[in-house]
Amino acid sequence: MKNKKIIMYVGIILIVLTLLFVGYLIYNNVKNKNEEIIYEYTPQEEITGEQLRQTVITLYYLNPDTYTISPEARQIDAKQLLDNPYEILINLLIEGPKNEKLLKLIPENTKLNSAKIKNNILYIDFSEEFIKEQNLGKQQEELILQSIVNTVTELTEINKVAILINGETDKGFPDGELMFNNIFSRYK
C-alpha cells in the first residue's frame, strides 16, 4: 500500500512538472512574439495617384543590329487600356519606339481603322497605306507581322490575329509573298 502511495505521488509530481514545463514553453513563445517589433514601411517618397495607375506593356520593334524583333517595355497609364487596349497597343506600334536603337516597322501614314476581338481572334483593320507601294520582300513583311502579332498577343485574351485592309481580308503585300487571308499566331 505504501508503494502505491509513493507511485501515485511521483505520478502527480511528474504530471505537475510536465504541465509547468508546457506552460513555460507557451509563455516564452507568446512573450517572444509580443517582443517582436514590427516596423511599418515608410516609402522614401510619397507615391502619387498617377504612379499607382501605371502599368508596363511590351511592344515589339525591329533591332537593326540583329535584324530580329526585340521587345520594348513601356510604362503607360492603366486607364488607357480599359476601353480598347488593342487599339492603344497598335497605335503605339504605329508611333514607333522610344528606344533609339530600335526601328518601327509599320509603314508611314498607316492608320488603324479598327481593332476588334471575336472568338479570341483580334481583327485588325489597317488603312491602305499599310500595304501601298510596299516592296519589302518576304523577310521584312514577316517582321512587320511578327511585330504586330507578338505585341497584341501579350494580352491573355488574344490567341490569334487577322489582318484586314479597309475591311477586306483578301489583301496582302504587293509582292504577293504574304497574303492576309490567313490567321496569324504568336511568333517564337
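The values are calculated or read from the model by the stated rules, or taken from the named source; none is laboratory data. Note that the structure is predicted; figures quoted are calculated from it, not measured. Reconstructed Cβ throughout: ideal geometry from the backbone, glycine too, with neighbour counts over all protein chains shown. In case anyone asks, the SASA skips ligands and DNA or RNA and just uses the protein heavy atoms, side chains included. Shrake-Rupley method; radii C 1.70, N 1.55, O 1.52, S 1.80 Å.
Taking first residues from the range 95-120 that are of a type in the set (G, A, S) and partners that are assigned to a loop (DSSP other than H, G, I, E, B), the Cβ contacts under 8 Å between residues at least 6 apart in sequence or on separate chains come to G96/K104; A115/N84.
Pairs needed: first member in the range 162-188, of a type in the set (K, R); second member anywhere, open to solvent by less than 70 Å² (accessible area, probe 1.4 Å) and assigned to a loop (DSSP other than H, G, I, E, B); C-beta distance under 6 Å; at least 6 residues apart or different chains. Going by the 6 Å Cβ cut-off, the qualifying pairs are K171/F180; R186/T153. Counting residues in the range 101-111 that are touching a Ser or Thr at 6+ places or on another chain (Cβ under 8 Å) and β-branched (V, I, T) gives one or more. If you go through the range 122-146 and keep only what is touching a strand residue (DSSP E or B) at 6+ places or on another chain (Cβ under 6 Å), open to solvent by 30 Å² or more (accessible area, probe 1.4 Å) and either part of a loop (DSSP other than H, G, I, E, B) or within 13 Å of K160 (Cβ to Cβ) (or both), you end up with just Y123.
Of the listed requirements (1) open to solvent by less than 50 Å² (accessible area, probe 1.4 Å); (2) at pLDDT 90 or above; (3) out of contact with any helix residue (DSSP H, G or I) (no Cβ under 7 Å at 6 or more places or on another chain), Y67 misses just one: (1).
Residue count for the range 72-91 satisfying the condition of being surrounded by 11 or more Cβ atoms within 10 Å (Cβ to Cβ) and either more than 23 Å from Y187 (Cβ to Cβ) or without any contact (Cβ under 8 Å) to a residue 40 or more places away in the chain (or both): 11. Any residue that is assigned to a helix (DSSP H, G or I), open to solvent by less than 80 Å² (accessible area, probe 1.4 Å) and out of contact with any His (no Cβ under 9 Å at 6 or more places or on another chain) - is there at least one of those in the range 96-111? The answer is no; no qualifying residue exists. As a summary of the residue check, A115 satisfies the conditions (1) among the small types (G, A, S); (2) closer than 19 Å to G167 by Cα; (3) within 17 Å of the chain's Cα centre (by Cα) except for the one numbered (3).
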